[in-house]
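Report on the following structure.
The values are calculated or read from the model by the stated rules, or taken from the named source; none is laboratory data. All values reported here derive from a predicted model rather than from experimental measurement. Here Cβ is always computed from backbone atoms with ideal geometry, including for glycine, and neighbour counts include all displayed protein chains. Heads up: the accessible areas ignore ligands, DNA and RNA and are worked out on the full protein's heavy atoms, side chains in. Shrake-Rupley method; radii C 1.70, N 1.55, O 1.52, S 1.80 Å.
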Protein chains: 2
Amino acid sequence: MTLDPHITATICQDDDTEQIAILNDHLIDSPTANRLAEVFKALSDPNRLRLISLLLENEVCVHTLEATLGMTQSAISHQLRHLRQLNLVRFRKEGRHVYYALDDDHVRGLFKQGLLHVEHG
Amino acid sequence: MTLDPHITATICQDDDTEQIAILNDHLIDSPTANRLAEVFKALSDPNRLRLISLLLENEVCVHTLEATLGMTQSAISHQLRHLRQLNLVRFRKEGRHVYYALDDDHVRGLFKQGLLHVEHG
DNA sequence: AAAATACATGAAAACTTGTTCATATATTGA
DNA sequence: TCAATATATGAACAAGTTTTCATGTATTTT
């Protein structure tokens with residue numbers, strides 16, 4: 001009976017070079033770590049997550065986001081700029097309104113997977 | 001031909017109450033947003049991601065993490081404390097060594113899904 | 001043309017986060 | 001027992017993030 005099927009080995013300093021080499025293989029490289037962190041960072045703030053939840057399946061104008069989220073217009077605009085700079089949202093101007101929508105499927109995927117786990121399980 | 005299969009509606013302030021109600025249904029509640037943010041925040045730092053990558057499939061002692069990551073012992077110890085407080089890692093003392101391993105399957109899942117997308121795609 | 005509406009933005013303030021430095025504890029080896 | 005090794009931790013600091021405040025631009029309405 002194995003309690004944890006994920007852990008395959010115990011690695012410590014006294015080990016042979018081969019073990020240490022295995023560990024080095026598992027280590028993600030820094031550029032990858034940086035890009036990965038950037039993606040997760042986009043999802044690391046409660047208000048931004050609430051904002052994203054609204055943009056997952058609808059195109060919504062800024063004023064409606066403000067009314068729904070109960071945040072100031074300025075705070076929302078700043079968050080949207082942030083998401084824009086990361087290319088996570090797209091926007092479309094129509095008259096005096098600007099409609100935003102989520103434009104990154106893997107952020108959408110991570111959001112939904114995270115939500116599943118947090119809600120039940 | 002639909003360019004974006006995800007976006008189902010455009011919602012704006014002038015809309016009827018029903019549309020606004022739909023939007024409110026999509027909004028995640030604050031406690032959920034907070035817990036979700038906490039999970040993603042754990043994955044939002046490059047060094048922490050590199051650390052987690054080592055713990056995904058192996059139990060590793062602190063000194064080996066230090067050697068492999070090229071971080072100071074103190075920095076690693078602080079990061080491990082953080083992950084401990086979030087119940088994301090478990091640890092096991094054996095003599096003067098302490099072995100750490102990842103202990104949260106949905107963080108493991110999010111990490112791997114994120115990595116897939118960042119690496120190719 | 002003036003007023004109102006919708007949104008953006010720079011700067012500062014408030015808060016959070018990650019690292020370093022110094023030091024503490026616990027275990028092992030001489 | 002004394003020195004060395006392995007790890008933890010509090011405090012201070014640097015850097016980053018989010019919000020607020022004040023203000024700016026563009027579009028529409030009157």
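Among the residues in region A:15-23, are any closer than 30 Å to B:His63 by Cβ, open to solvent by less than 40 Å² (accessible area, probe 1.4 Å) and of a type in the set (Ser, Thr, Tyr)?
No, region A:15-23 contains no residue that is closer than 30 Å to B:His63 by Cβ, open to solvent by less than 40 Å² (accessible area, probe 1.4 Å) and of a type in the set (Ser, Thr, Tyr).
For B:Ser53, are the conditions met, namely being among the hydroxyl-bearing types (Ser, Thr, Tyr) and more than 13 Å from chain A (Cβ to nearest Cβ)? So that I can check it myself, show each step before the final result.
Values: among the hydroxyl-bearing types (Ser, Thr, Tyr): yes; more than 13 Å from chain A (Cβ to nearest Cβ): no.
When the stated conditions are applied, B:Ser53 does not pass them.
Conditions (1) at pLDDT 95 or above; (2) within 17 Å of A:Val39 (Cβ to Cβ); (3) not β-branched (Val, Ile, Thr), marked per residue:
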{"residue": "B:Leu54", "(1), (2), (3)": "yes, no, yes"}
{"residue": "B:Glu59", "(1), (2), (3)": "yes, no, yes"}
{"residue": "B:Val62", "(1), (2), (3)": "yes, no, no"}
{"residue": "B:Ser74", "(1), (2), (3)": "yes, no, yes"}
{"residue": "B:Asn87", "(1), (2), (3)": "yes, no, yes"}
{"residue": "B:His97", "(1), (2), (3)": "yes, no, yes"}
{"residue": "B:Val107", "(1), (2), (3)": "yes, yes, no"}
{"residue": "B:His120", "(1), (2), (3)": "no, yes, yes"}
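So which pairs qualify, if the first residue must be in region B:83-101 and within 13 Å of DNA strand C (Cβ to nearest atom), the second must be open to solvent by 80 Å² or more (accessible area, probe 1.4 Å) and not charged (D, E, K, R), the Cβ gap must be under 6 Å, and the two must be at least 6 apart or on different chains?
B:Val98/B:Phe91
Since A:Arg50 meets every condition but one in (1) more than 24 Å from B:Leu116 (Cβ to Cβ); (2) within 11 Å of DNA strand D (Cβ to nearest atom); (3) of a type outside the set (Val, Ile, Thr); (4) surrounded by fewer than 18 Cβ atoms within 10 Å (Cβ to Cβ), which condition does it not meet?
Going through (1) more than 24 Å from B:Leu116 (Cβ to Cβ); (2) within 11 Å of DNA strand D (Cβ to nearest atom); (3) of a type outside the set (Val, Ile, Thr); (4) surrounded by fewer than 18 Cβ atoms within 10 Å (Cβ to Cβ) one by one, A:Arg50 breaks only (4).
Looking for whichever is over 24 Å from A:Arg50 (Cβ atoms) and under 12 Å from the mean Cα position of the chain (by Cα) here; the options are B:Leu36, B:Leu49. Which one fits?
On inspection, the qualifying residue turns out to be B:Leu49.
Can you give me the number of residues within region A:67-89 that are more than 9 Å from every other protein chain (Cβ to nearest Cβ) and open to solvent by less than 90 Å² (accessible area, probe 1.4 Å)?
Summing the residues that are more than 9 Å from every other protein chain (Cβ to nearest Cβ) and open to solvent by less than 90 Å² (accessible area, probe 1.4 Å) in region A:67-89 gives 15.
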